[in-house]
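Worksheet: the structure to be examined is printed underneath.
The values are calculated or read from the model by the stated rules, or taken from the named source; none is laboratory data. Keep in mind that this is a model prediction, so the values were computed, not measured. Cβ coordinates were reconstructed from backbone atoms using ideal geometry, including for glycine residues, and neighbour counts include every protein chain displayed. In case anyone asks, the SASA skips ligands and DNA or RNA and just uses the protein heavy atoms, side chains included. Shrake-Rupley method; radii C 1.70, N 1.55, O 1.52, S 1.80 Å.
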Amino acid sequence: MRKNESSDKKSRRIDFRLLGRIIKLLFKYYPGLSTLTTIFIIFSAIVSSIPPLFLQRVIETIGKYYETRDWAAARSVIIPQVTLLIVLYTVSVICILVYRQLSAYITQGILYRLRRRMFDNMQYLPIRYFDRNSYGDIMSYYTNDIDAIRQVVAETLPIVLQSSVIVLTVLFIMAYYSVWLMLLVLLGVAVMLWVSRTVGGNSSKYFVRQQKSMGKTEGYIQEIMNGQKVVKVFNHEDQSIRDFDAVNQALYEDSYRAHTFANMLGPIILNLGNILYVLVAIVGGILMINKVPNLSISGLALGISIIIPFLNMTKQFTGNLNQVSQQINFVAMAAAGAQRVFALTDEQPEADNGYVTLVNAVIDAEGNVTESDAKTGQWAWKHPHGDGTLTYTPLRGDVRMFNVDFGYDEDKPVLHDITLYAEPGQKVAFVGATGAGKTTITNLLNRFYDIADGKIRYDGININKIKKSDLRRSLGLVLQETCLFTGTVMDNIRYGRLDATDEECIAAAKLSGADSFITRLPDGYQTQLSGSGSNLSQGQRQLLAIARAAVADPPVMILDEATSSIDTRTESIVQRGMDKLMEGRTVFVIAHRLSTVMNSDVIMVLDHGRIIERGSHDQLIAQHGTYYQLYTGAFELE
Ligand SMILES: Nc1ncnc2c1ncn2[C@@H]1O[C@H](COP(=O)(O)OP(=O)(O)OP(=O)(O)O)[C@@H](O)[C@H]1O
Ligand SMILES: [Mg+2]
C-alpha cells in the first residue's frame, strides 16, 4: 500500500529530465538548425511583446498635441513610430514562417532517428526482453509514444519558448513603467502557477496512465488478432469482447480524467487573468489619482498613457501563461512517451564478451589451419590468447555440456545437472514428455539464455568465449514454431545465408524436400508469402524452415520437432532429405515421434529437466526403462 502511494506521488511529477534529453537530441542532431530556430522564435517573441512601448508613445504624443492642435508635429512623431512597428512586424512574420518550416523538418528528423534507435537497439536485445514485454506494447512505443514526442517537439517547445520570452520581455517593460503594478501582476501569476501545478499535476498523472493503457490496449488487440482461429474455435468472441472492454474502459477512464483536468485548467487561468486585468485597472487608477510616487526604470509618472499599455501587457502576460498551461498535458504525455521510448533505447543489449571468432580457413591434410580471406568452405575458430598468440581450431561440431543447471527464472530451475557429449557427425536425439526441457537445452546452445552453472564446450572452447554471432552462424536451427517473413519463397530460403545464389537456394529446397511443393505453387520460388506465410500449410512452412537451415550449411543442426506437422508420406520425403542434410553434421534432434529418433547415435531421455536415460535405441530398449515404456506405448498405439 505504502509503495503504491509513493509511486503514485512519483507519477504525478513530470520528469523534466526526459524533456531535457529530447532537447539535447535536437541540438545533437541538428545543432545549426535548432539554434537558428531558437533565435527566430526568440526574435519574433520579442517583437510581439513591444507594441505597448509604441502605444505609450503614441498616447503620450496625442495627449501632448491635443491641446496645441499641432497635427503636423504630431504626425512627424507618430508616422515614423508606426512605420517602424510595421517593419518589425513584417520581419517577425517572416521569422515565424521560417521557424515553422524548420521545426517541421527537425521534428520529423528526430522522430526518424528515435524510431531508428529503438529498432536498432531492439535487434540486439536478449530473448528475455521479449519474454517479459507484450508485442503490442512494444508496438505502441513506435506509434503513440513517438507521437506524444512529436507533439512536444513540434508544438510545445516552440510555444513554451516563445511565451517565456514574451513573459520576460513584458515583465521588463512593466518594470520600465511601474514596479508596483508589475508586482501586482507577479502576485496574480503566482496564484495562477499554484493552480496550474495543482490541477496540472493531477492531469499529468492520468496522461502517464493513458499512455500505458494505450499500450495495453494495443497489446490486447494484437494478441487477439494473432489468435483469431483459437478465438473462433472456442467461441471466445463474446469473452474477448468483454476482455477488450475492460482494457478499453481503463483507457477511456484514464484519458477522460486526464482531459477533464486538462480542460479545467484553461478556463481557470483565463478567468484568473480577467480578475487580474480588473485589479490592475483599479489599483493603477487609485495610484494615479492619489498621485502615489511611481517607482519605475523610466522615471515616468504613472498616467493614463502607462495604465492603458499596462492593461494590454497584463492580457498578453496571462494569455501567454494560459498558452503554456495548455501545454502541460502534452509535456506530461511526452514525458510518459519519452520514458517508454528511452526505456527501449537504453535497454541493455545482449551482452557479448566473446572474442573467439569464426573465420574462413584452409585446413591441410595434416590438420594445419591457415586463415584465409577467400571463401574456402572450411571454417576455424580463431582464438586470441592473453599472451598475444593466436590459435586456430577447426570447426568440427563437437558439443559437450558439463553439469549444466539452468532456469528461466533464477528461483525456478528447469534443467538440472545436464551432461552430454556429441561428437562431430553424431546425431543426438532428445525425447521426453512435454515441458521436460528439450527446447530449453537447444536455447542454451544458441546462447539465447545463459546457463546458471556448469560448462558448455564447443570444439573444446567454452561457448561464453565465442562471439555470439559467430556461434549462431555455426548452428542451424529449425524452430519448433516456424517463422516466415513477408517476401517470396526464395527470399525466405535465402534468409539462411544472404549471399546464397538462386541455385544454392533451390538445391537446399531439393535437399530438404521442399522443392516439389514449391514448384507447384502459382509463381514457384517467386510466390509471395502473405501474412508471414499464412498461405502455406504448416508442413510446407516447416519444409521451408528446413530449407532455410540447409542453405546456411552449418556444421551443427538443431531440429526441434521439425517433422511433427508433416504427413507420413511427406515425412518420408523429408526424412530422406534430412538424412542427407545430417550427413557429416552434428545434429540435435527433438521429436515426439520415436520413429524419427530411432536411428540416432545417442538418445537422451529427459524427465523434469534431468537426463534419466541415455544410449542407443537398442540399448535403451534392452534397459526396459522409460524409453522402453515410451516406445512400446507408442508401438501399441500404432
Ligand atoms: N521463456 C520461458 N520463460 C519461462 N519458462 C519457460 C520458458 N520457456 C519454457 N519454460 C519452462 O521451461 C520448462 C521446459 O520447457 P521446454 O520448452 O524446454 O520444454 P520441451 O521439452 O521443449 O517441451 P515440448 O515437448 O512441449 O516442446 C517448462 O516447464 C516451461 O514452462
Ligand atoms: Mg519444445
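Observations
- Vicinal HN-Hα couplings computed from phi for the stretch 612-628 (Karplus, 6.51 cos²θ - 1.76 cosθ + 1.60; Hz; Gly/Pro x): 9, 9, 8, x, 7, 3, 5, 4, 5, 5, 5, 5, 6, x, 4, 4, 4
- Count Lys and Arg as plus one, Asp and Glu as minus one, and take only other residues whose Cβ is under 13 Å from that of Leu620; the net charge is then -2.
- For Val230, the shell of other residues with beta-carbons less than 15 Å away shows a net charge of -3, using +1 for Lys and Arg and -1 for Asp and Glu.
- Length, then width, then depth: along the principal axes, the Cα atoms of the stretch 333-448 run 65, 42, 29 Å.
- For the chain, the longest principal axis of the Cα atoms and the long axis of helix 304-346 meet at an angle of about 10 degrees.
- Among Ser372, Ser572, the sequence by solvent-accessible area, most first, with a 1.4 Å probe is Ser572, Ser372.
- Packing around the peptides 120-133, 140-153, taken as the average count of other Cβ atoms within 10 Å per residue, puts them in this order, highest first: 140-153, 120-133.
- Centre separation in Å (Cα based) which lies between the stretch 78-145 and the stretch 453-526: 40 Å
- Solvent exposure of the chain as accessible area per residue, Å², 1.4 Å probe: 52 Å²
- Packing-based ranking, highest mean first, of 343-350, 288-295 given that Cβ atoms within 10 Å are counted: 343-350, 288-295
- Database remark: amide H of Ile558 closer than 5 angstrom to the amide H of Gly476, Leu477, Val478, Phe588 (H placed geometrically; neighbours at sequence offset of 5 or more, or on other chains; Pro and chain starts carry no H).
- Entries in Lys232/Lys427; Lys412/Lys468; Lys28/Lys467 that, when Cα-Cα distance is taken, lie over 30 Å: Lys232/Lys427; Lys28/Lys467
- Note on the chain: dipole from Cβ charges, positive end direction compared against Gly227, Gly397, Ala250; the farthest Cα belongs to Ala250.
- What the phi angles of the stretch 81-86 give under the Karplus curve with 6.51, -1.76 and 1.60, with θ = phi - 60°, is a coupling list of 4, 5, 4, 4, 4, 4 Hz, glycine and proline written as x.
- Shown here for the stretch 337-402: trypsin sites (Lys or Arg not before Pro) in loop regions (DSSP other than H, G, I, E, B) with at most 13 other Cβ atoms within 10 Å, namely Lys375.
- Amide hydrogen neighbours beyond the local backbone of Arg610, cut-off 5 Å, H modeled: His416
- Dipole magnitude of the stretch 149-294, debye to nearest 20 (Cβ charges: Lys/Arg +1, Asp/Glu -1, about Cα centre): 380 debye
- Largest-first principal axis extents, alpha carbons of the chain, Å: 125, 56, 56
- A helix-only calculation puts the chain at -20500 deg cm²/dmol for mean residue ellipticity at 222 nm, using -39500 (n - 2.57) for each DSSP H run of at least four residues, averaged over all residues.
- Under 23 Å from Lys465, Cα to Cα: lysines that are on another chain or at least 8 residues apart: Lys382, Lys455
- ³J(HN,Hα), Karplus 6.51/-1.76/1.60, whole Hz, each residue of the stretch 36-50, x for Gly, Pro: 4, 4, 4, 4, 4, 5, 4, 4, 5, 5, 5, 4, 6, 9, 9
- Amide hydrogen neighbours beyond the local backbone of Leu529, cut-off 5 Å, H modeled: Gly487, Thr488, Val489
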